[in-house]
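Heads up, the thing below is written out as C-alpha coordinates.
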Amino acid sequence: MATHDEIEIEVLRYHPETDSEPSYRTYRVPFAHETSVLQGLQYIKDRLDGSLTFRWSCRMAICGSCGMMINGVPNLTCSAFLREYHPGKLRIEPLAHLPIERDLAVDQTDFLEKLASIQPYIIPAESKAVDEGPFTQTPAQRERFYQYSECINCLLCYAACPQYGLDSGFLGPAALALLHRYNSDSRDVGKADRMPIVNAQEGVWACTLVGYCSEVCPKGVDPASAVNRNKVISTLDYFFRFMAPRGASE
Amino acid sequence: MPKRSNEPVFWALFGAGGVVAAFVLPALIVVTGLAAPLGLPSPGVLSYERVSAFAASLPGAAFLFVVISLSLWHGFHRIYHSLHELGVHRGLSVVRVLCYGTALAGTALTAYLLVTAI
Ligand code: SF4
Ligand code: FES
(Lines give C-alpha, C1' and ligand atoms only; values in the text may rest on other atoms or scores of the structure.)
(Ligands and ions follow the chains in the order given, each with its own letter.)
Protein backbone atom coordinates (compact mmCIF):
# COMPACT_ATOMS: atom_id res chain seq x y z
CA MET A 1 0.00 0.00 0.00
CA ALA A 2 1.11 3.51 -0.75
CA THR A 3 1.57 4.97 2.70
CA HIS A 4 1.30 8.66 3.36
CA ASP A 5 1.14 9.11 7.06
CA GLU A 6 1.24 7.48 10.45
CA ILE A 7 -1.51 7.37 13.00
CA GLU A 8 -1.51 6.38 16.65
CA ILE A 9 -3.79 3.52 17.61
CA GLU A 10 -4.37 2.87 21.27
CA VAL A 11 -5.66 -0.66 21.81
CA LEU A 12 -7.19 -2.26 24.86
CA ARG A 13 -5.28 -5.42 25.74
CA TYR A 14 -6.41 -8.16 28.07
CA HIS A 15 -5.20 -11.73 28.26
CA PRO A 16 -7.16 -13.21 31.14
CA GLU A 17 -4.57 -15.94 31.85
CA THR A 18 -1.80 -13.38 32.60
CA ASP A 19 -3.39 -9.95 33.08
CA SER A 20 -5.23 -9.04 36.25
CA GLU A 21 -7.01 -6.22 34.45
CA PRO A 22 -7.23 -4.65 30.99
CA SER A 23 -4.65 -2.03 30.00
CA TYR A 24 -3.92 0.08 26.92
CA ARG A 25 -1.00 -0.17 24.52
CA THR A 26 -0.25 2.36 21.78
CA TYR A 27 1.04 1.50 18.30
CA ARG A 28 2.07 3.71 15.39
CA VAL A 29 0.59 2.50 12.13
CA PRO A 30 1.28 3.77 8.59
CA PHE A 31 -1.84 4.20 6.47
CA ALA A 32 -3.03 5.12 3.01
CA HIS A 33 -6.31 6.67 1.91
CA GLU A 34 -8.00 3.27 1.63
CA THR A 35 -6.64 1.65 4.83
CA SER A 36 -9.50 0.47 7.04
CA VAL A 37 -9.30 0.39 10.82
CA LEU A 38 -9.34 -3.40 10.57
CA GLN A 39 -6.31 -3.29 8.28
CA GLY A 40 -4.64 -1.08 10.87
CA LEU A 41 -5.18 -3.81 13.46
CA GLN A 42 -3.91 -6.43 11.03
CA TYR A 43 -0.77 -4.34 10.51
CA ILE A 44 -0.22 -4.37 14.27
CA LYS A 45 -0.74 -8.14 14.45
CA ASP A 46 1.46 -8.89 11.43
CA ARG A 47 4.32 -6.46 12.10
CA LEU A 48 4.29 -5.18 15.65
CA ASP A 49 2.66 -7.59 18.07
CA GLY A 50 1.44 -11.01 17.01
CA SER A 51 -0.35 -11.61 20.29
CA LEU A 52 -3.13 -9.10 19.53
CA THR A 53 -6.46 -10.90 19.26
CA PHE A 54 -9.53 -9.72 17.34
CA ARG A 55 -12.24 -11.20 15.11
CA TRP A 56 -12.82 -10.56 11.44
CA SER A 57 -13.70 -12.47 8.33
CA CYS A 58 -15.37 -10.86 5.31
CA ARG A 59 -13.78 -7.38 5.36
CA MET A 60 -16.91 -6.05 3.63
CA ALA A 61 -19.55 -5.40 6.32
CA ILE A 62 -21.30 -8.72 5.75
CA CYS A 63 -20.13 -11.22 8.38
CA GLY A 64 -20.64 -8.99 11.41
CA SER A 65 -17.60 -10.24 13.32
CA CYS A 66 -15.36 -7.12 13.41
CA GLY A 67 -17.46 -4.82 15.59
CA MET A 68 -15.48 -2.81 18.17
CA MET A 69 -15.60 0.51 19.96
CA ILE A 70 -13.69 3.13 17.97
CA ASN A 71 -13.21 6.22 20.14
CA GLY A 72 -16.16 5.11 22.21
CA VAL A 73 -18.54 4.53 19.30
CA PRO A 74 -19.63 1.02 18.24
CA ASN A 75 -18.58 0.47 14.64
CA LEU A 76 -17.53 -2.19 12.12
CA THR A 77 -13.75 -1.81 11.87
CA CYS A 78 -13.77 -3.04 8.27
CA SER A 79 -15.97 -0.20 7.11
CA ALA A 80 -14.28 2.62 9.04
CA PHE A 81 -11.11 4.17 7.67
CA LEU A 82 -8.01 5.40 9.45
CA ARG A 83 -8.00 8.63 7.40
CA GLU A 84 -11.28 9.64 9.06
CA TYR A 85 -9.47 9.91 12.40
CA HIS A 86 -6.23 11.56 11.21
CA PRO A 87 -4.56 13.76 12.52
CA GLY A 88 -6.20 12.66 15.78
CA LYS A 89 -5.66 9.18 17.16
CA LEU A 90 -7.85 6.15 17.69
CA ARG A 91 -8.72 4.24 20.79
CA ILE A 92 -10.00 0.77 19.99
CA GLU A 93 -11.79 -1.27 22.62
CA PRO A 94 -13.94 -4.38 22.60
CA LEU A 95 -17.70 -3.86 22.21
CA ALA A 96 -19.12 -2.28 25.36
CA HIS A 97 -21.46 -4.19 27.68
CA LEU A 98 -20.10 -7.60 26.67
CA PRO A 99 -17.54 -9.66 28.61
CA ILE A 100 -14.03 -9.65 27.13
CA GLU A 101 -12.80 -13.02 25.98
CA ARG A 102 -9.34 -11.80 24.95
CA ASP A 103 -8.16 -8.34 23.83
CA LEU A 104 -10.76 -7.09 21.34
CA ALA A 105 -12.77 -10.31 21.11
CA VAL A 106 -15.93 -10.40 23.21
CA ASP A 107 -17.91 -13.36 24.49
CA GLN A 108 -21.07 -13.61 22.33
CA THR A 109 -22.70 -16.45 24.27
CA ASP A 110 -25.41 -14.31 25.84
CA PHE A 111 -26.62 -13.02 22.47
CA LEU A 112 -26.43 -16.42 20.79
CA GLU A 113 -28.60 -17.95 23.50
CA LYS A 114 -31.10 -15.12 23.19
CA LEU A 115 -31.12 -15.50 19.42
CA ALA A 116 -31.88 -19.21 19.74
CA SER A 117 -34.69 -18.48 22.23
CA ILE A 118 -36.72 -16.44 19.73
CA GLN A 119 -36.82 -19.33 17.20
CA PRO A 120 -35.18 -17.30 14.41
CA TYR A 121 -36.63 -19.28 11.52
CA ILE A 122 -39.95 -19.55 9.69
CA ILE A 123 -42.41 -21.84 11.41
CA PRO A 124 -44.87 -22.76 8.64
CA ALA A 125 -48.51 -23.70 9.29
CA GLU A 126 -47.86 -27.02 7.60
CA SER A 127 -44.68 -28.31 6.09
CA LYS A 128 -44.48 -28.73 2.37
CA ALA A 129 -42.35 -31.09 0.33
CA VAL A 130 -39.89 -29.35 -2.00
CA ASP A 131 -41.72 -30.55 -5.12
CA GLU A 132 -44.93 -28.94 -3.88
CA GLY A 133 -43.32 -25.59 -4.70
CA PRO A 134 -42.39 -22.56 -2.61
CA PHE A 135 -44.48 -20.57 -0.13
CA THR A 136 -45.37 -17.47 -2.10
CA GLN A 137 -45.60 -13.91 -0.86
CA THR A 138 -46.61 -10.55 -2.32
CA PRO A 139 -44.09 -7.68 -2.48
CA ALA A 140 -46.16 -5.87 0.17
CA GLN A 141 -45.95 -8.87 2.53
CA ARG A 142 -42.19 -9.03 1.99
CA GLU A 143 -41.85 -5.32 2.67
CA ARG A 144 -43.24 -5.79 6.18
CA PHE A 145 -40.20 -7.71 7.42
CA TYR A 146 -37.45 -7.15 4.88
CA GLN A 147 -35.32 -4.50 6.66
CA TYR A 148 -35.20 -6.62 9.83
CA SER A 149 -33.82 -9.59 7.90
CA GLU A 150 -30.76 -7.50 6.98
CA CYS A 151 -29.29 -7.96 10.48
CA ILE A 152 -25.78 -9.45 10.47
CA ASN A 153 -25.60 -10.13 14.23
CA CYS A 154 -22.70 -7.73 14.66
CA LEU A 155 -23.85 -6.70 18.18
CA LEU A 156 -23.11 -3.00 17.66
CA CYS A 157 -26.64 -2.32 18.89
CA TYR A 158 -25.96 -4.21 22.15
CA ALA A 159 -22.87 -2.07 22.72
CA ALA A 160 -25.03 1.02 22.04
CA CYS A 161 -27.96 0.09 24.26
CA PRO A 162 -27.76 1.67 27.73
CA GLN A 163 -30.51 -0.62 29.01
CA TYR A 164 -28.58 -3.74 28.02
CA GLY A 165 -25.55 -2.18 29.71
CA LEU A 166 -27.54 -1.70 32.92
CA ASP A 167 -29.15 -5.14 32.85
CA SER A 168 -28.06 -7.79 30.41
CA GLY A 169 -31.23 -9.75 31.15
CA PHE A 170 -32.85 -7.54 28.48
CA LEU A 171 -33.36 -9.48 25.26
CA GLY A 172 -31.86 -6.53 23.41
CA PRO A 173 -32.25 -4.76 20.07
CA ALA A 174 -31.13 -7.31 17.47
CA ALA A 175 -32.90 -10.30 19.04
CA LEU A 176 -36.13 -8.29 19.22
CA ALA A 177 -35.70 -7.01 15.66
CA LEU A 178 -35.25 -10.60 14.46
CA LEU A 179 -38.17 -11.79 16.54
CA HIS A 180 -40.28 -9.14 14.81
CA ARG A 181 -38.85 -10.18 11.45
CA TYR A 182 -40.32 -13.69 11.83
CA ASN A 183 -43.54 -12.62 13.55
CA SER A 184 -44.34 -10.26 10.70
CA ASP A 185 -43.59 -12.77 7.94
CA SER A 186 -46.80 -13.98 6.26
CA ARG A 187 -45.36 -17.51 5.96
CA ASP A 188 -44.80 -17.84 9.70
CA VAL A 189 -47.26 -18.96 12.38
CA GLY A 190 -44.87 -18.88 15.36
CA LYS A 191 -46.17 -15.62 16.84
CA ALA A 192 -48.09 -17.21 19.73
CA ASP A 193 -44.87 -19.01 20.76
CA ARG A 194 -42.82 -15.83 20.65
CA MET A 195 -45.27 -13.43 22.32
CA PRO A 196 -44.47 -14.51 25.92
CA ILE A 197 -40.86 -13.40 25.26
CA VAL A 198 -42.06 -10.03 23.96
CA ASN A 199 -44.50 -9.54 26.86
CA ALA A 200 -41.94 -10.09 29.62
CA GLN A 201 -40.16 -7.28 31.46
CA GLU A 202 -36.92 -8.53 29.84
CA GLY A 203 -38.68 -8.40 26.45
CA VAL A 204 -39.79 -5.08 24.98
CA TRP A 205 -40.53 -3.53 28.37
CA ALA A 206 -36.90 -3.01 29.39
CA CYS A 207 -36.56 -0.55 26.48
CA THR A 208 -36.98 3.18 27.11
CA LEU A 209 -36.69 4.23 23.46
CA VAL A 210 -33.21 5.71 23.57
CA GLY A 211 -32.85 4.89 19.87
CA TYR A 212 -29.04 4.71 19.73
CA CYS A 213 -29.29 1.08 18.51
CA SER A 214 -30.83 2.23 15.23
CA GLU A 215 -28.26 4.98 14.87
CA VAL A 216 -25.24 2.66 15.06
CA CYS A 217 -26.66 -0.22 12.98
CA PRO A 218 -24.46 -0.62 9.91
CA LYS A 219 -27.18 -2.38 7.90
CA GLY A 220 -30.01 0.12 8.20
CA VAL A 221 -32.02 -2.17 10.45
CA ASP A 222 -34.18 -0.11 12.79
CA PRO A 223 -34.32 -2.22 15.96
CA ALA A 224 -35.91 0.66 17.91
CA SER A 225 -38.91 0.61 15.58
CA ALA A 226 -39.25 -3.16 15.94
CA VAL A 227 -39.23 -2.82 19.72
CA ASN A 228 -41.78 -0.03 19.70
CA ARG A 229 -44.14 -1.77 17.30
CA ASN A 230 -44.00 -4.69 19.70
CA LYS A 231 -44.79 -2.46 22.67
CA VAL A 232 -48.07 -1.66 20.91
CA ILE A 233 -48.62 -5.32 20.01
CA SER A 234 -47.83 -6.38 23.59
CA THR A 235 -50.17 -3.73 25.03
CA LEU A 236 -53.04 -4.87 22.79
CA ASP A 237 -52.23 -8.45 23.75
CA TYR A 238 -52.33 -7.46 27.43
CA PHE A 239 -55.75 -5.81 27.30
CA PHE A 240 -57.47 -8.00 24.72
CA ARG A 241 -56.08 -11.41 25.66
CA PHE A 242 -59.33 -12.41 27.36
CA MET A 243 -61.34 -11.54 24.27
CA ALA A 244 -59.48 -13.87 21.93
CA PRO A 245 -61.57 -16.79 20.73
CA ARG A 246 -61.09 -19.89 22.83
CA GLY A 247 -58.11 -21.95 21.75
CA ALA A 248 -56.75 -19.17 19.55
CA SER A 249 -53.35 -19.32 21.13
CA GLU A 250 -53.06 -23.09 20.89
CA MET B 1 -42.47 -19.29 30.34
CA PRO B 2 -41.28 -15.73 31.09
CA LYS B 3 -43.57 -13.75 33.37
CA ARG B 4 -45.88 -11.26 31.65
CA SER B 5 -45.02 -7.68 32.58
CA ASN B 6 -47.68 -5.25 33.84
CA GLU B 7 -45.84 -2.46 32.08
CA PRO B 8 -48.53 -2.15 29.32
CA VAL B 9 -50.84 -0.51 31.89
CA PHE B 10 -48.27 2.17 32.72
CA TRP B 11 -47.09 2.48 29.16
CA ALA B 12 -50.63 3.03 27.89
CA LEU B 13 -51.14 5.80 30.47
CA PHE B 14 -47.72 7.20 29.55
CA GLY B 15 -48.64 7.16 25.86
CA ALA B 16 -52.02 8.80 26.41
CA GLY B 17 -50.33 11.39 28.64
CA GLY B 18 -47.78 11.97 25.90
CA VAL B 19 -50.55 12.93 23.49
CA VAL B 20 -51.94 15.36 26.09
CA ALA B 21 -48.49 16.77 26.82
CA ALA B 22 -47.73 17.24 23.14
CA PHE B 23 -51.04 18.67 21.90
CA VAL B 24 -53.05 20.08 24.80
CA LEU B 25 -50.45 21.45 27.23
CA PRO B 26 -48.76 23.83 24.76
CA ALA B 27 -52.16 25.29 23.86
CA LEU B 28 -53.02 25.61 27.56
CA ILE B 29 -49.70 27.35 28.24
CA VAL B 30 -50.41 29.86 25.50
CA VAL B 31 -53.96 30.46 26.73
CA THR B 32 -53.36 30.57 30.50
CA GLY B 33 -49.77 31.81 30.56
CA LEU B 34 -49.68 34.35 27.73
CA ALA B 35 -53.02 35.26 26.25
CA ALA B 36 -55.09 35.58 29.42
CA PRO B 37 -52.55 37.73 31.36
CA LEU B 38 -52.35 40.02 28.32
CA GLY B 39 -56.11 40.37 28.43
CA LEU B 40 -56.69 38.39 25.24
CA PRO B 41 -59.18 37.82 23.77
CA SER B 42 -61.00 39.91 26.40
CA PRO B 43 -60.03 41.04 29.93
CA GLY B 44 -61.26 38.71 32.68
CA VAL B 45 -61.54 35.73 30.36
CA LEU B 46 -59.98 33.55 33.09
CA SER B 47 -61.72 35.24 36.02
CA TYR B 48 -62.39 33.09 39.08
CA GLU B 49 -66.12 32.90 38.38
CA ARG B 50 -65.71 31.78 34.80
CA VAL B 51 -63.03 29.18 35.59
CA SER B 52 -64.86 27.72 38.56
CA ALA B 53 -68.06 27.50 36.48
CA PHE B 54 -66.04 25.70 33.82
CA ALA B 55 -64.62 23.24 36.37
CA ALA B 56 -68.11 22.63 37.78
CA SER B 57 -69.56 21.71 34.39
CA LEU B 58 -69.39 18.07 33.33
CA PRO B 59 -67.39 18.62 30.10
CA GLY B 60 -65.07 21.07 31.89
CA ALA B 61 -64.44 18.66 34.76
CA ALA B 62 -63.83 15.79 32.36
CA PHE B 63 -61.36 17.91 30.39
CA LEU B 64 -59.45 18.97 33.52
CA PHE B 65 -59.41 15.40 34.85
CA VAL B 66 -57.98 13.99 31.63
CA VAL B 67 -55.36 16.74 31.26
CA ILE B 68 -54.18 16.70 34.89
CA SER B 69 -54.19 12.95 35.56
CA LEU B 70 -52.69 11.81 32.24
CA SER B 71 -49.96 14.45 32.46
CA LEU B 72 -49.09 13.14 35.93
CA TRP B 73 -48.88 9.52 34.69
CA HIS B 74 -46.81 10.63 31.74
CA GLY B 75 -44.37 12.67 33.81
CA PHE B 76 -43.85 10.19 36.62
CA HIS B 77 -43.35 7.28 34.22
CA ARG B 78 -40.62 9.29 32.52
CA ILE B 79 -39.03 10.27 35.85
CA TYR B 80 -39.09 6.65 37.04
CA HIS B 81 -37.32 5.37 33.94
CA SER B 82 -34.86 8.28 33.88
CA LEU B 83 -33.85 7.53 37.47
CA HIS B 84 -33.07 3.97 36.40
CA GLU B 85 -30.97 5.34 33.53
CA LEU B 86 -29.13 7.65 35.93
CA GLY B 87 -28.12 4.63 37.97
CA VAL B 88 -30.74 4.53 40.73
CA HIS B 89 -31.29 0.78 40.81
CA ARG B 90 -31.24 -0.17 44.42
CA GLY B 91 -34.58 0.57 45.99
CA LEU B 92 -36.07 0.93 42.54
CA SER B 93 -39.29 -0.62 43.80
CA VAL B 94 -39.48 2.15 46.42
CA VAL B 95 -38.93 4.72 43.66
CA ARG B 96 -41.62 2.95 41.64
CA VAL B 97 -44.13 3.16 44.46
CA LEU B 98 -43.24 6.83 45.03
CA CYS B 99 -43.55 7.76 41.34
CA TYR B 100 -46.71 5.89 40.43
CA GLY B 101 -48.11 6.48 43.92
CA THR B 102 -47.81 10.23 43.39
CA ALA B 103 -49.51 9.96 40.00
CA LEU B 104 -52.27 7.84 41.53
CA ALA B 105 -52.70 10.21 44.49
CA GLY B 106 -52.79 13.19 42.10
CA THR B 107 -55.41 11.43 40.00
CA ALA B 108 -57.53 10.63 43.05
CA LEU B 109 -57.22 14.15 44.45
CA THR B 110 -58.16 15.68 41.07
CA ALA B 111 -61.17 13.39 40.80
CA TYR B 112 -62.25 14.22 44.37
CA LEU B 113 -61.93 17.99 43.92
CA LEU B 114 -63.74 17.97 40.60
CA VAL B 115 -66.55 15.71 41.80
CA THR B 116 -67.16 17.86 44.88
CA ALA B 117 -67.13 21.00 42.68
CA ILE B 118 -69.80 19.74 40.27
S1 SF4 C 1 -29.60 -4.87 14.34
FE2 SF4 C 1 -27.91 -3.84 13.23
S3 SF4 C 1 -26.45 -3.28 14.88
FE4 SF4 C 1 -27.83 -4.83 15.75
S5 SF4 C 1 -26.79 -6.80 15.42
FE6 SF4 C 1 -28.17 -6.48 13.66
S7 SF4 C 1 -26.90 -5.50 12.09
FE8 SF4 C 1 -25.79 -5.28 14.05
S1 FES D 1 -14.99 -8.25 8.73
FE2 FES D 1 -17.01 -8.96 8.23
S3 FES D 1 -18.24 -7.32 8.89
FE4 FES D 1 -16.23 -6.51 9.17
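The values are calculated or read from the model by the stated rules, or taken from the named source; none is laboratory data. Values in this document were obtained by computation on a predicted structure and should not be read as measured data. Because the Cβ atoms are built from the backbone with ideal geometry, glycine has one as well, and the counts that use them run over all protein chains shown. The protein model used for the area step is the full one, side chains on, heavy atoms only, and it has no ligands, DNA or RNA in it. Shrake-Rupley method; radii C 1.70, N 1.55, O 1.52, S 1.80 Å.
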### Task
Those residues that are within 16 Å of ligand 1 (Cβ to nearest atom) and either within 14 Å of another protein chain (Cβ to nearest Cβ) or not charged (D, E, K, R) (or both), I need them from region A:43-66; list them, please.
A:Trp56, A:Ser57, A:Cys58, A:Met60, A:Ala61, A:Ile62, A:Cys63, A:Gly64, A:Ser65, A:Cys66
### Query
Restricting attention to region B:34-63, which residues are within 22 Å of B:Phe23 (Cα to Cα) and either hydroxyl-bearing (Ser, Thr, Tyr) or touching a Ser or Thr at 6+ places or on another chain (Cβ under 7 Å) (or both)?
B:Leu46
### Summary
Just one listed residue, out of B:Ser52, B:Ser93, B:Ser82, is among the hydroxyl-bearing types (Ser, Thr, Tyr) and under 21 Å from B:Val31 (Cα atoms), and it is B:Ser52
### Task
Might you check whether a residue that is in contact with a Cys (Cβ under 7 Å, 6 or more places away or on another chain), away from ligand 1 (no atom under 13 Å from the Cβ) and among the polar types (S, T, N, Q) occurs anywhere in region A:99-122?
no
### Residue count for region A:67-98, restricted to those that are near ligand 2 (Cβ under 6 Å from one of its atoms) and either within 14 Å of chain B (Cβ to nearest Cβ) or over 12 Å from the mean Cα position of the chain (by Cα) (or both)
1
### Task
Determine which single condition A:Gly220 fails, assuming it passes every other condition in (1) within 12 Å of ligand 1 (Cβ to nearest atom); (2) in a helix (DSSP H, G or I); (3) open to solvent by 30 Å² or more (accessible area, probe 1.4 Å).
(2)
### Task
Mind listing just one residue for me: the one in region A:34-87 that is of a type in the set (Asp, Glu) and in contact with a helix residue (DSSP H, G or I) (Cβ under 9 Å, 6 or more places away or on another chain) and, of those, farthest from A:Glu10 (Cα to Cα)?
A:Glu34
